[in-house]
Amino acid sequence: MNAVVKSGPSKLWTDQNRRFDPRRLFRSALPGLSLLIVLAAIYDFNPRAISYFGFNLMLNLAVPVALATAAQLCIIAVSDLDLSIGAYVGFIACVTTTWLPTTPLLGTAAILASIVAYGALGALVHWRQLPSIVVTLGMSFVWLGLALFVRPQPGGLSPVWLSTFMGLHVPYVPFPIVAAVVLAIVLHLVLMNTAFGAVLRGAGGNATAVGRSGWSLLRIKATAYAMAGVLGSLAGLSLVGVSSSADANMANGYTLLSIAGAILGGAEFIGGRISPIGAVMGALTLQLATVALNFFQLPEVFPGFRIPPEWQVGAQGIILIVILAIRALINRGEA
Amino acid sequence: MDRGIIDLSEVTKSFGAVHALRGVDLTIRSGEALGLVGHNGAGKSTLMHILTGTVAPTAGIISADQNQRPDYDVNIAKMLGIRCVFQELSLCPNLTVAENTCITHRPLSGLGWRKRAGKLIIGKLDEIFPGHGIMPGAIVSDLSIGRRQMVEIARAFTKTDIIPRLIILDEPTSSLDPSTSQQLLSFMRRFVSEGGATIFISHLLQEILDYCDRIVVMRDGRVVADDIATEFGRSKLITTMGGAAGGHQVSSPESARSASSTGNLRVRYRAKTQPTGIELSVHAGEIVGLAGLAGHGQSLSLIEIFEAAGGRPGRIEVNGQVALVAGDRQTDGIFPLWSIADNITVRSLTALTRGALISQQRAGELAKSWKERIGIRTPDLDNNILSLSGGNQQKALFARAFGSNAETILMDDPMRGVDIGTKLDVYRLIEHEAEQGRCFLWYTTEMDELAYCHKIYIFRNRQIVAQLSQDELTEERVIHSSFQEAV
């Protein structure tokens with residue numbers, strides 16, 4: 001027998017029942033804390049930005065990014081990774097601006113077919129035991145090609161109802177925040193609080209065990225991917241609603257942004273460990289970080305100093321690395 | 001009492017050339033605790049997988065409740081109430097205790113499922129392991145290994161829509177401490193007395209003898225004894241597992257008898273959990289065997305020795321270069337995209353360089369000479385390694401180790417699933433290399449291979465519990481030491 005015997009039964013009880021573990025608390029609070037820090041920085045640089053209109057402006061693009069992150073999270077839940085979500089969002093945006101306003105039936109059919117295709121991809125990944133990274137990397141070129149086929153030149157029209165919806169003025173709380181909160185709650189309920197969500201995450205943690213319990217892993221994977229397809233489609237729609245035109249390449253950055261958001265929110269690359277609320281916060285943090293840099297200035301020393309916009313992407317990367325480094329430190333202390 | 005929950009008739013299972021089960025007849029009735037024993041490779045695990053429907057038999061008939069079920073699979077086993085606590089844990093580490101319960105119980109869904117799942121599992125834990133102290137909301141990866149095992153056992157006994165009728169416990173006490181083991185065994189008796197059935201697999205023979213009604217002994221993929229428990233005693237069980245009754249001497253080649261522990265000390269090793277007592281030592285020219293039940297620390301010790309090479313002597317002392325022949329060649333051994341020649345020479349690249357570059361000519365010569373010596377059957381060494389049969393792939397791995405400058409070769413049960421022709425080729429070469437002064441540390445699950453060793457160390461619970469010289473080697477003694485209880 002192993003060390004458990006040596007230590008005797010009394011020592012058995014030490015590993016658990018630490019309901020209040022400061023390390024764990026800190027780790028789960030990390031996404032919220034980083035969001036707060038970014039908000040505090042914005043307030044420090046420009047207090048007027050923390051207002052109803054300020055948030056509407058700053059979080060303009062946060063809804064599509066948060067939806068894409070949610071899509072990525074469904075894939076991460078089953079221990080896979082989706083490198084095609086950005087191209088897919090771009091494709092849906094192209095379909096929306098090209099077909100939805102004029103031939104709504106064709107547009108709707110195209111979007112539904114893409115969701116089915118996403119589910120089929122999940123089935124394929126399981127059936128042939130293919131690495132999801134390779135399959136979705138290949139698919140990203142397929143989606144991009146299809147997007148260019150639908151809309152060779154940038155432009156198009158946003159359906160009126162969509163722009164109206166995305167431009168909704170909710171009293172007191174800015175619409176993007178309402179949307180993000182609703183998304184976080186729904187996602188949390190579905191993935192963390194239903195039995196179905198537990199099975200889905202279980203497949204990410206120990207697929208063999210879930211299979212031995214009589215679940216079809218094929219169906220689990222297909223469902224997870226189809227859910228990602230639905231959320232990705234919503235991301236494409238909301239992106240059009242905000243920007244009112246489309247371009248095949250408009251959402252390419254979403255692939256890495258969605259992974260970064262999910263990881264920032266507390267998810268692990270493998271093992272089915274996810275945190276939906278954290279992921280939405282992660283997406284908002286990355287979105288706001290770019291804004292914070294816009295406001296950043298050193299008034300006393302260099303009054304005219306501004307961080308060049310091309311540094312913003314790099315800043316998102318640095319935030320990600322810092323947060324992950326902190327998390328790794330917490331984890332190491334725990335082990 | 002006579003109604004069989006499940007009947008196996010002439011069930012066989014082959015994995016390629018390996019016959020895991022060679023015709024098993026077995027009936028499991030309600031109201032009995034069946035003990036299942038057997039040495040490594042006797043077919044216990046395969047049999048359990050067939051009963052739970054995770055592996056389909058190659059041939060044979062499975063009947064449940066007197067009805068033949070040719071379509072027997074996981075879901076049918078589940079419907080019948082047949083469940084298994086597998087030896088390798090099958091909980092999802094990222095989920096909570098309650099969530100893991102819901103994975104095996106479909107009715108646990110809808111509103112309030114989490115609460116019901118938690119209640120179900122905690123209720124069962126309270127029943128089996130009073131004072132367990134496990135919370136339903138605890139994430140499994142935060143629990144100690146013993147507690148995970150408790151959750152898994154309790155989960156197997158929980159009831160929602162399907163009544164558990166046959167619970168298979170595969171080495172359930174291996175990670176439990178004595179008092180929790182005791183709780184489990186008493187619960188098992190209660191479960192059986194209420195009409196359930198259990199199959200209990202353990203290497204602690206006393207547990208089997210004390211708590212089972214009937215004992216089935218397996219050997220070489222067959223059931224060799226099946227009788228009520230009182231008909232067996234410790235020694236009878238051991239002799240039945242080992243085959244021929246009495247002191248069956250393993251026939252060994254002449255070379256193995258001329259033990260020569262006079263050469264230079266190459267490896268000295270003491271297991272981590274072994275504060276005092278037997279130390280393993282290997283001298284130049286020696287072939288040393290590691291035996292015992294699979295998973296009792298043999299592979300671990302080889303890896304520790306490998307990693308200690310070049311370090312300062314402490315608990316482990318290693319002199320000279322070491323090479324390891326991995327047992328699981330698919331994951332640890334071959335480079336699947338490389339040619340046979342590249343696979344052979346990769347361990348020796350530093351010796352094959354001319355200036356900064358690898359000399360293709362010298363690499364080719366090395367690979368070619370070992371192809372001849374070890375008899376790799378291929379028309380061209382530049383073919384992909386996967387073009388070889390499994391046995392020949394393993395030969396290439398031996399060639400990699402033997403062709404290197406290592407004085408000590410560690411072998412991690414390398415002959416699993418290898419045909420007899422290849423084995424004989426490799427045995428011959430090992431003997432020859434040992435005569436040249438190389439030494440071998442050889443973990444094997446096959447009794448016949450121990451015959452080639454000058455001395456044998458037997459592992460149990462990650463400790464060395466016995467040392468046998470070649471003259472003392474009998475199959476019975478190996479099994480005896482492997483199964484012996486801590487007194």
For the subset of segment B:388-421 comprising residues that are free of Cβ contacts under 8 Å to residues at least 40 places away in the same chain and within 23 Å of B:Asn40 (Cα to Cα), which member is surrounded by the most Cβ atoms within 10 Å (Cβ to Cβ)?
B:Met415
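Among the candidates B:Arg116, B:Arg155, B:Arg165, which residue alone is over 26 Å from B:Ile201 (Cβ atoms), in the same structural domain as B:Phe200 (by TED's automatic domain parsing) and among the charged types (D, E, K, R)?
B:Arg116
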Can you tell me how many residues within segment A:184-213 are within 21 Å of A:Glu268 (Cβ to Cβ) and away from every other protein chain (no Cβ under 14 Å)?
2
Could you list all residues from segment B:46-57 that are within 13 Å of another protein chain (Cβ to nearest Cβ) and assigned to a loop (DSSP other than H, G, I, E, B)?
B:Thr52, B:Gly53, B:Thr54, B:Val55
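Any residue at all in segment A:302-315 that's closer than 20 Å to A:Ala70 by Cα and modelled with pLDDT of 75 or more? I'd like the intermediate steps shown before the answer.
Filtering segment A:302-315 down to residues closer than 20 Å to A:Ala70 by Cα leaves none.
No; the residues of segment A:302-315 include none that is closer than 20 Å to A:Ala70 by Cα and modelled with pLDDT of 75 or more.
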In segment A:38-94, residues that are over 30 Å from A:Ala195 (Cα atoms) and among the aliphatic types (A, V, I, L, M) total 14
Restricting attention to segment B:85-103, the residues that are facing another protein chain (nearest Cβ under 8 Å), within 21 Å of B:His132 (Cα to Cα) and modelled with pLDDT of 90 or more number exactly 8
Inspect all residues belonging to segment B:165-172 and state whether any of them is over 31 Å from the mean Cα position of the chain (by Cα) and acidic (Asp, Glu).
no
Out of B:Ile76, B:Ile163, report the one residue that is assigned to a loop (DSSP other than H, G, I, E, B), surrounded by fewer than 23 Cβ atoms within 10 Å (Cβ to Cβ) and more than 9 Å from every other protein chain (Cβ to nearest Cβ).
B:Ile163
Residue list for segment B:119-131, restricted to those being modelled with pLDDT of 90 or more and in a loop (DSSP other than H, G, I, E, B):
B:Phe129, B:Pro130
Here the residues within segment B:146-160 that are without any contact (Cβ under 8 Å) to a residue 40 or more places away in the chain and either within 11 Å of chain A (Cβ to nearest Cβ) or surrounded by fewer than 16 Cβ atoms within 10 Å (Cβ to Cβ) (or both) are B:Gly146, B:Arg147, B:Met150, B:Lys159
Out of all the residues in segment B:445-455, is one or more touching a Phe, Trp or Tyr at 6+ places or on another chain (Cβ under 9 Å) and surrounded by fewer than 24 Cβ atoms within 10 Å (Cβ to Cβ)?
yes
Determine if segment A:241-249 includes at least one residue that is in contact with a strand residue (DSSP E or B) (Cβ under 9 Å, 6 or more places away or on another chain), surrounded by fewer than 23 Cβ atoms within 10 Å (Cβ to Cβ) and farther than 25 Å from A:Ala179 by Cβ.
no
If I filter segment A:162-195 down to residues being aromatic (Phe, Trp, Tyr) and more than 20 Å from the chain's Cα centre (by Cα), which single residue comes out as surrounded by the most Cβ atoms within 10 Å (Cβ to Cβ)?
A:Phe165
Let me confirm something: among B:Gly123, B:Gly38, B:Gly60, which residue is away from chain A (no Cβ under 13 Å) and in contact (Cβ under 8 Å) with a residue 60 or more places away in the chain?
B:Gly38
Just to confirm my filter: which helices (runs of 4 or more DSSP H) fall fully inside segment A:23-119 and include at least 2 residues that are surrounded by 14 or more Cβ atoms within 10 Å (Cβ to Cβ) and touching an Asp or Glu at 6+ places or on another chain (Cβ under 6 Å)?
A:62-77
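Could you please let me know if B:Arg116 is assigned to a loop (DSSP other than H, G, I, E, B) and charged (D, E, K, R)?
Numbers: assigned to a loop (DSSP other than H, G, I, E, B): no; charged (D, E, K, R): yes.
Considered against the rule, which asks whether it is assigned to a loop (DSSP other than H, G, I, E, B) and charged (D, E, K, R), B:Arg116 comes out as no.
Restrict the check to segment B:464-478 and report whether at least one residue is more than 15 Å from B:Asn40 (Cα to Cα) and within 14 Å of chain A (Cβ to nearest Cβ).
yes
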Exactly one of A:Val89, A:Val181 is aliphatic (A, V, I, L, M) and more than 30 Å from B:Arg114 (Cβ to Cβ), and that residue is A:Val89
Name the single residue that is farthest from A:Ala222 (Cα to Cα) among those in segment A:127-141 being touching a residue at least 40 places away in the same chain (Cβ under 8 Å) and either exposed (fewer than 13 other Cβ atoms within 10 Å of the Cβ) or hydrophobic (A, V, I, L, M, F, W, C) (or both).
A:Phe141
Of the conditions (1) more than 8 Å from chain A (Cβ to nearest Cβ); (2) crowded, with 21+ Cβ neighbours inside 10 Å, the single one that B:Pro130 does not satisfy is (2)
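The values are calculated or read from the model by the stated rules, or taken from the named source; none is laboratory data. Keep in mind that what you see is a predicted model, and the values were worked out from it rather than measured. Every residue, glycine among them, receives a Cβ derived from its backbone with ideal geometry; neighbour counts consider all protein chains shown.
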